[in-house]
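Trainee: Here you go, one structure.
The values are calculated or read from the model by the stated rules, or taken from the named source; none is laboratory data. Just so we're clear, the structure is a prediction, and the values are computed from it rather than from any experiment. Using ideal geometry, Cβ is built from the backbone for each residue, glycine included, and neighbour counts are taken over all protein chains shown.
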Amino acid sequence: MVTTLKALKRNSYGREFIQEALHSVYDMFKPAHCYIAYFDKMHHKATSLAYYIDGHVSNTIFTYSIDNTLCEKMILSGKPCYFSKNISQIYPFNQIITSQLFQYYLGLPIFSRRGEVIGVIGCLFESSSLFSKDLHGEWCDVLGDILGSDVEYLALLSSQKKLLREMEECQQEAKLGNWQLDLVINCYYWSREIYRIFQCDIDTFVPNNDVINDFIHPDDRVRVSELKDEMINSTNMSYSIIYRIVLSEGDVKYLREHCHILRDINGVATLIKGILQDITDFYHISNKLSQASNKLTMTYNAVAEGIWEYNLETQKLITSPKFWEILSVSKGSVNNINDWLAMVHKDDRLAVIESFSKLRNGDAISIDVEFRLQPKNKHTVCRWFNCKGNIIESNNSNRSDSIVGVLIDITATVLAAQKLTLAKTVFDNTSECIVITDQDNNIISVNKAFETVTGYNHADIIGKNPRILASGYHNLEFYQQMWHSLETTGAWQGQLHNRRSDGVIYPEEMTINKIEDDHNVINYVGVFHDISSRKKTEKKLRLLADNDMLTGLMNRRRFIEKVEKQIAKINNNIEDISSTSVCSLLFIDLDDFKIFNDLYGHDFGDNVLKEVASILRDTVCEHSLICRYGGDEYAVLIKDKDVNYAQNIAAKLVDIISKPIKCNEIEINLTISIGISSYPESGTTHQALLKNADYAMYEQKWLGRNGVCVYDQQLQHEYIRKLKLRDKLKHAIKDKKISVYYQPIIDNKTGTVCKFEALARWYDEHDGFIPPSVFIPIAERYGLIGMLGQQVFEKACADLDRIHRCGFRDVIFSINHSVKEFSQHNQEYIFEIINNYNLPYSAIMIEITESTALDDGKNILEILAAFRERGIAISLDDFGTGYSSLAAIIDIKPDIIKIDRSFIVDIEHSKESQMLVSLVIDLSCKLNVEVVAEGVETQAQLDILSSMSCHYIQGYYYSPAVAIDDAIMILKARNGDISIDNIDTKLLQ
């Protein structure tokens with residue numbers, strides 16, 4: 001049997017030998033099916049080369065997997081494999097085997113020259129086989145060996161055919177063919193695909209340079225030819241080119257050609273191998289894609305949104321340029337997820353993280369989150385962004401690993417929404433009432449303030465016309481003007497009266513605006529507020545602004561306005577002979593009103609002021625204007641009446657007020673001083689009328705109060721004279737032309753001089769000596785009294801120092817002080833001057849009038865107390881001339897009182913004067929207060945006063961006021977050892 005097989009091998013080979021060998025197997029074992037197959041170990045499969053069924057050749061070619069099969073075991077062992085029972089379970093994948101009821105299987109290995117199992121002879125039996133290892137083993141081994149080379153060859157050939165077939169299929173699919181050109185014999189080889197590309201018959205068409213050159217597009221022909229020649233004649237080993245061909249029917253194809261050039265040892269090109277690909281479809285698609293890409297890129301870059309794609313696995317982010325532009329962030333500054341999160345505002349960071357976490361965990365398929373970027377500094381406005389995206393599936397699996405979305409800058413939208421929210425909040429909560437109507441003026445919206453003010457709720461008012469609020473207060477013309485303003489200017493503003501739901505009419509201040517869109521009215525918006533409270537306040541303010549709250553009379557500001565208007569009215573009607581061109585003004589001041597405040601308190605004083613106001617209302621004519629001009633001053637404008645009428649009214653007022661007035665159950669005696677000015681005699685302006693009436697009033701006070709003074713030409717001259725005197729006095733004080741004279745005060749017991757009263761004297765080069773009774777009131781009236789008093793005080797201290805240095809150290813100076821000095825000037829200079837001259841405080845006596853302390857009460861008393869504390873004595877001058885002499889002694893606590901000369905003049909002949917002086921001296925003695933009698937001029941007066949034990953005497957009987965040198969001589973005569981013959985007798989009179 002072995003010899004037969006070897007003989008068979010010598011007579012045949014290849015597929016024929018394979019068929020003969022398989023027939024020998026059938027003859028040997030009589031299997032139902034048998035086959036010879038080679039193994040493709042790379043792909044783990046077996047492919048049949050020959051197949052017998054019941055001894056007959058079958059053209060069926062089959063392939064099966066060898067994984068986990070008997071074939072796999074046989075490859076590993078290299079031995080025949082015999083198996084029985086359940087063959088179909090071993091080869092469930094083989095349709096041929098599983099379709100039959102085979103019970104036994106015999107597998108014989110086929111070996112290569114290298115001894116590797118490369119194939120199998122498979123036998124399938126329906127009943128038990130005739131195979132015996134001992135009997136058939138050698139035969140099977142020889143068969144497996146001699147079949148090896150042929151099976152290996154056929155397997156290789158089969159693989160090559162398969163590869164060639166697959167290559168042609170791939171070339172056809174890719175529209176790519178291979179070719180070569182033998183440059184030595186100038187012979188071309190084309191693959192089948194190149195014939196298809198050129199649409200040429202493979203059996204009849206013979207390619208050559210000329211024919212191929214004719215196919216090339218005329219526009220590309222020279223370029224292709226030059227490139228190929230250049231490549232062949234150079235040292236290059238390859239080249240690539242794209243060109244077009246024109247087919248027989250005129251169709252144009254785009255081809256890509258890539259070639260390798262083979263050269264001999266001399267570098268001469270001998271063979272060109274190349275591939276040629278039809279890229280026509282690719283070119284057209286690429287062109288369309290390029291166009292689409294360009295359009296997409298333009299769209300990509302033009303859209304307002306930033307486009308992005310994020311891979312959840314790789315964490316890679318792909319973005320459009322607009323993405324970074326929207327963020328205003330450099331792309332290079334963001335490298336990882338931490339950089340991203342750092343950019344997000346700390347308050348929004350958690351929301352962003354949660355949104356992406358839901359996508360990663362599969363809890364969501366989309367994202368829609370709003371966030372802000374972290375501001376660079378506290379002054380940077382936060383920008384808002386909206387990030388939207390959806391999950392997309394990857395190409396190679398159903399897993400969701402990418403998100404595609406857009407980024408939108410919504411800062412403007414958020415700010416607009418915030419503004420809308422704010423506007424709505426303002427709309428709902430503003431105190432201003434807002435009503436909005438449509439173009440037909442039907443109400444479409446109102447706010448809460450509207451409901452509160454009008455009493456109409458939202459449901460009741462919607463759809464109604466605003467005329468539901470009309471009160472009937474305004475006429476048709478008012479509303480016509482309102483609508484005219486709205487239509488022509490687009491707005492109206494003003495005040496109107498409307499009616500609440502309960503029928504109450506109220507004032508409101510309203511602004512209406514017309515809202516248009518493309519010149520078409522879409523809405524009217526009315527904003528208003530209830531001004532009822534404001535109207536009441538304005539009325540009250542006008543009352544406060546125009547009237548005195550205590551008396552209810554017109555105040556100064558309003559009175560001046562009325563006087564101005566009256567003068568303007570007169571001037572405007574100057575040509576009207578039927579109208580009068582005069583008016584008069586009364587300026588009224590209560591005499592010594594301060595006394596009532598000090599005695600009874602300010603509340604009592606206020607009641608007195610109200611009582612006087614009531615008298616003025618009842619007394620002056622109906623059309624007159626009455627004003628409380630100041631504290632205790634009043635002014636009256638009598639319209640259309642001359643000065644004579646005004647004098648009668650003034651006299652009547654003086655008479656009425658001078659009668660006892662009962663106030664708070666207290667009866668008082670009150671007097672007034674009235675000054676009168678008239679238009680146009682006293683002035684043509686309100687300033688002139690008021691000033692001149694005021695001056696006339698003060699002139700009356702100087703004349704004795706309780707009367708009327710009319711400002712006339714004489715008073716004007718007197719006024720001018722006083723102004724000139726004021727100017728002279730000012731210069732005299734400045735140039736220190738005020739001198740000080742001294743009148744001695746004699747100790748009636750010893751006859752010596754114990755004190756001097758310092759008296760100011762003014763000598764003018766033109767007017768001579770001007771008496772103190774003239775220039776002191778001028779100084780007080782025009783604010784010169786402070787400078788005058790200080791200059792007199794310093795001069796007196798300087799002279800006192802001189803007297804002390806002369807040895808008369810017990811002498812005291814009594815220096816007069818005006819009430820104006822106390823109230824208008826700081827008194828600290830007194831202590832400074834005294835200290836400057838090193839004088840003892842006890843050497844100075846401040847002399848004030850009884851009325852001084854009463855005029856300025858507490859302030860003067862405090863100053864006097866400060867004087868007394870330092871040791872400065874207080875002298876009360878003109879005692880007995882005031883209203884409250886005894887009260888003055890108690891309040892002021894003077895060291896000395898000076899009986900006024902008016903009591904001394906009649907003391908010789910008047911028992912009453914003697915009695916009063918005696919009472920004063922006795923009272924003073926009991927109060928431990930010294931007494932000085934002023935104005936003693938005769939021996940008889942001196943004798944009477946001596947009999948009354950009056951301690952100090954002052955008067956012309958001893959000496960008038962003299963200059964300091966004469967005063968020293970008097971001292972030496974009376975207090976020293978100087979002979980009387982050496983003294984001028986006039987000084988001793």
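Trainee: Tally the residues that are over 16 Å from Asn441 (Cβ atoms) and in contact with a helix residue (DSSP H, G or I) (Cβ under 9 Å, 6 or more places away or on another chain), restricting the search to the range 496-519.
Mentor: 7
Trainee: Further, regarding this structure: Select from the range 374-398 the residues that are at pLDDT 85 or above and outside any loop (DSSP other than H, G, I, E, B) and list them in ascending order.
Mentor: Those that are at pLDDT 85 or above and outside any loop (DSSP other than H, G, I, E, B): Trp384, Phe385, Asn386, Cys387, Lys388, Gly389, Asn390.
Trainee: Name the residue, out of Lys41, Lys45, Lys73, that is surrounded by fewer than 19 Cβ atoms within 10 Å (Cβ to Cβ), basic (Lys, Arg) and under 20 Å from Phe131 (Cα atoms).
Mentor: Exactly one residue qualifies, and that residue is Lys73.
Trainee: Sticking with this structure for a sec: Go over the candidates Phe559, Phe528 one by one and state the one that is crowded, with 16+ Cβ neighbours inside 10 Å and more than 30 Å from Arg628 (Cα to Cα).
Mentor: Testing whether each residue is crowded, with 16+ Cβ neighbours inside 10 Å and more than 30 Å from Arg628 (Cα to Cα) leaves just Phe528.
Trainee: Which of the residues that make up the range 492-508 are part of a strand (DSSP E or B) and closer than 24 Å to Asp460 by Cβ?
Mentor: Matches in the range 492-508: Leu496, His497, Asn498, Arg499, Ile505, Tyr506, Pro507, Glu508.
Trainee: Would you tally the residues in the range 354-384 being in contact with a strand residue (DSSP E or B) (Cβ under 6 Å, 6 or more places away or on another chain) and closer than 23 Å to Ala416 by Cα?
Mentor: Residues flagged as in contact with a strand residue (DSSP E or B) (Cβ under 6 Å, 6 or more places away or on another chain) and closer than 23 Å to Ala416 by Cα within the range 354-384 amount to 8.
Trainee: Looking at the range 243-257, which of its residues are surrounded by 15 or more Cβ atoms within 10 Å (Cβ to Cβ) and free of Cβ contacts under 8 Å to residues at least 40 places away in the same chain?
Mentor: Passing the criteria: Tyr243, Arg244, Val246, Tyr254, Arg256, Glu257.
Trainee: Continuing with the same structure: Name the residue, out of Asp150, Asp145, that is touching a helix residue (DSSP H, G or I) at 6+ places or on another chain (Cβ under 7 Å), part of a helix (DSSP H, G or I), touching a residue at least 24 places away in the same chain (Cβ under 8 Å) and not aromatic (Phe, Trp, Tyr).
Mentor: None of the others qualify; the one that does is Asp150.
Conditions (1) touching an Asp or Glu at 6+ places or on another chain (Cβ under 6 Å); (2) crowded, with 18+ Cβ neighbours inside 10 Å; (3) modelled with pLDDT under 85, marked per residue:
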residue: Leu690; (1), (2), (3): no, yes, no
residue: Met697; (1), (2), (3): yes, yes, no
residue: Gly704; (1), (2), (3): no, no, yes
residue: Tyr711; (1), (2), (3): no, yes, no
residue: Ile720; (1), (2), (3): no, no, yes
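Rundown of residues vs (1) among the small types (Gly, Ala, Ser); (2) within 30 Å of Pro660 (Cα to Cα); (3) free of Cβ contacts under 8 Å to residues at least 24 places away in the same chain; (4) not in a strand (DSSP E or B), yes/no style:
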residue	(1), (2), (3), (4)
Ala693	yes, yes, no, yes
Gln700	no, yes, no, yes
Ile733	no, no, no, yes
Gly751	yes, no, no, yes
Glu757	no, no, no, no
Pro777	no, no, no, yes
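Trainee: Confirm whether Val792 is under 30 Å from Leu839 (Cβ atoms), among the aliphatic types (A, V, I, L, M) and in contact (Cβ under 8 Å) with a residue 12 or more places away in the chain.
Mentor: yes
Trainee: Please work out if Met28 is modelled with pLDDT of 75 or more and over 60 Å from the mean Cα position of the chain (by Cα).
Mentor: Yes: the conditions hold for Met28.
Trainee: Touching a Pro at 6+ places or on another chain (Cβ under 9 Å) and within 16 Å of Thr619 (Cβ to Cβ), is that true of Leu637?
Mentor: no
Trainee: Does at least one position in the range 708-716 carry a residue that is within 60 Å of the chain's Cα centre (by Cα) and closer than 26 Å to Val563 by Cβ?
Mentor: No, the range 708-716 contains no residue that is within 60 Å of the chain's Cα centre (by Cα) and closer than 26 Å to Val563 by Cβ.
Trainee: Where residues in the range 626-640 are in contact with a helix residue (DSSP H, G or I) (Cβ under 8 Å, 6 or more places away or on another chain) and not in a strand (DSSP E or B), which of them is surrounded by the fewest Cβ atoms within 10 Å (Cβ to Cβ)?
Mentor: Only one residue tops the list, namely Gly630.
Trainee: Would it be correct to say that Leu359 is closer than 24 Å to Trp324 by Cα, in a helix (DSSP H, G or I) and at pLDDT below 80?
Mentor: In short, yes.
Trainee: Suppose the filter is closer than 22 Å to Ala174 by Cα and touching a strand residue (DSSP E or B) at 6+ places or on another chain (Cβ under 9 Å); does Asp219 pass it?
Mentor: No: the conditions fail for Asp219.
Trainee: Moving on to the next point. Please tell me if Ala351 is in contact with a strand residue (DSSP E or B) (Cβ under 7 Å, 6 or more places away or on another chain) and on the phi < 0 side of the Ramachandran plot.
Mentor: The answer is yes for Ala351.
Trainee: If you go through the range 889-904 one residue at a time, do you hit one that is buried (at least 20 other Cβ atoms within 10 Å of the Cβ), out of contact with any strand residue (DSSP E or B) (no Cβ under 7 Å at 6 or more places or on another chain) and at pLDDT below 90?
Mentor: yes
Trainee: Residues in the range 465-504 that are surrounded by fewer than 14 Cβ atoms within 10 Å (Cβ to Cβ), more than 38 Å from the chain's Cα centre (by Cα) and not aromatic (Phe, Trp, Tyr): how many?
Mentor: Residues meeting the conditions: 12.
Trainee: Right, another one. Is it true that some residue in the range 192-206 is in a strand (DSSP E or B), acidic (Asp, Glu) and at pLDDT 85 or above?
Mentor: No, that holds for no residue.
Trainee: Tally the residues that are out of contact with any Phe, Trp or Tyr (no Cβ under 9 Å at 6 or more places or on another chain) and loosely packed, with under 13 Cβ neighbours inside 10 Å, restricting the search to the range 193-212.
Mentor: Looking only at that region, the number is 3.
Trainee: In the range 783-791, is there at least one residue being assigned to a loop (DSSP other than H, G, I, E, B) and crowded, with 18+ Cβ neighbours inside 10 Å?
Mentor: Scanning the range 783-791, I find at least one residue that is assigned to a loop (DSSP other than H, G, I, E, B) and crowded, with 18+ Cβ neighbours inside 10 Å, so the answer is yes.
Trainee: Any residue at all in the range 211-234 that's without any contact (Cβ under 8 Å) to a residue 60 or more places away in the chain, in a helix (DSSP H, G or I), of a type in the set (Lys, Arg) and in contact with a Gly (Cβ under 9 Å, 6 or more places away or on another chain)?
Mentor: Among the residues of the range 211-234, not one is without any contact (Cβ under 8 Å) to a residue 60 or more places away in the chain, in a helix (DSSP H, G or I), of a type in the set (Lys, Arg) and in contact with a Gly (Cβ under 9 Å, 6 or more places away or on another chain), which makes the answer no.
Trainee: Please find, among Val435, Val453, the residue that is of a type in the set (Val, Ile, Thr), surrounded by 15 or more Cβ atoms within 10 Å (Cβ to Cβ), part of a helix (DSSP H, G or I) and not assigned by TED's automatic domain parsing to the domain that holds Tyr634.
Mentor: Val453
Trainee: Mind checking which residues of the range 131-142 are loosely packed, with under 13 Cβ neighbours inside 10 Å and assigned to a loop (DSSP other than H, G, I, E, B)?
Mentor: Ser132
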